[in-house]
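Trainee: Dropping a structure here in structure tokens format, bear with me for questions.
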Amino acid sequence: MATKPTLTELGDFLDPILQVPYRGKKYQIQPVSARTGLRFQKLLAVGVKAAESGKLDPASIELVSDEEELDFYQEILGDTYQELLDDGATATALKAIGSTAFIWTTQGFEMAKGFFDAGGKSPAPNREQRRTATRTRTAAANTTKPQVSANGTTTPKAKPRAKATNGQTSSNTGTASKQTSKTKE
């Protein structure tokens, strides 16, 4: 009898809690519901589109009502929102922690960690990463070979052009008595 393949329980290898350190305490943020996560994915897509094109269509603008916008941090942080308020967190800290949780929800832990470690800003690639990216692109461009013809024919090479002359000569000896083409002096 054949055995059916099974998957390991999701919780066995996925830690669904984000721990954010602030003022010597680690705040634990639970994952949002699937419905909320999908709505946040839409928000992210709209934000990326707006950043790329510089404009939004009316339907995208209405994706989040004013009331929903006010509840954004409470929704993304869950019970941790009230805990942060009770502990006297600053508005800047609440925003940074909420944004980190949003990135964690929509883009994963590594992106959220990069954002948090950069002090709540999108981390710019470091100098070495930019240099590596440049070397990689340059190397790839230099090593790409043209596609070989599949039917065995080759493209004829272009013939070099004849060298331009200064004008006609007035004698059979090949020496010019005067130049017949006009040139600016």
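Trainee: Taking only the stretch 116-133 into account, find how many residues are more than 14 Å from the chain's Cα centre (by Cα) and at pLDDT 65 or above.
Mentor: Residues flagged as more than 14 Å from the chain's Cα centre (by Cα) and at pLDDT 65 or above within the stretch 116-133 amount to 6.
Trainee: Just to be sure I understand the filter: pairs with C-beta atoms under 8 Å, separated by 6 or more residues or on different chains, first member in the stretch 91-119 and within 18 Å of THR36 (Cα to Cα), second member open to solvent by 90 Å² or more (accessible area, probe 1.4 Å). Which pairs pass?
Mentor: Matching pairs, first to second residue: ILE103/MET111; TRP104/MET111.
Trainee: Now a separate question. Please work out if LYS49 is in a helix (DSSP H, G or I) and at pLDDT below 85. Reasoning before the result, please.
Mentor: Values: in a helix (DSSP H, G or I): yes; at pLDDT below 85: yes.
The answer is yes for LYS49.
Trainee: Could you give me the residue pairs with C-beta distances under 6 Å whose first residue belongs to the stretch 28-47 and is closer than 15 Å to ILE103 by Cβ, whose second residue is open to solvent by 30 Å² or more (accessible area, probe 1.4 Å) and at pLDDT 90 or above wherever it lies, and which are 6+ apart or on separate chains?
Mentor: Final answer for the pair search is VAL32/THR105; GLY37/THR105; PHE40/THR105.
Trainee: Restricting attention to the stretch 74-88, which residues are open to solvent by 70 Å² or more (accessible area, probe 1.4 Å) and among the polar types (S, T, N, Q)?
Mentor: Those that are open to solvent by 70 Å² or more (accessible area, probe 1.4 Å) and among the polar types (S, T, N, Q): GLN74, GLN82.
The values are calculated or read from the model by the stated rules, or taken from the named source; none is laboratory data. As the structure is a prediction and not an experimental result, all values here were calculated from the model. Note that we place each Cβ from the backbone using ideal geometry, even for glycine, and neighbour counts take in every protein chain shown. With ligands, DNA and RNA removed, areas are computed over all heavy atoms of the protein, side chains included. Shrake-Rupley method; radii C 1.70, N 1.55, O 1.52, S 1.80 Å.
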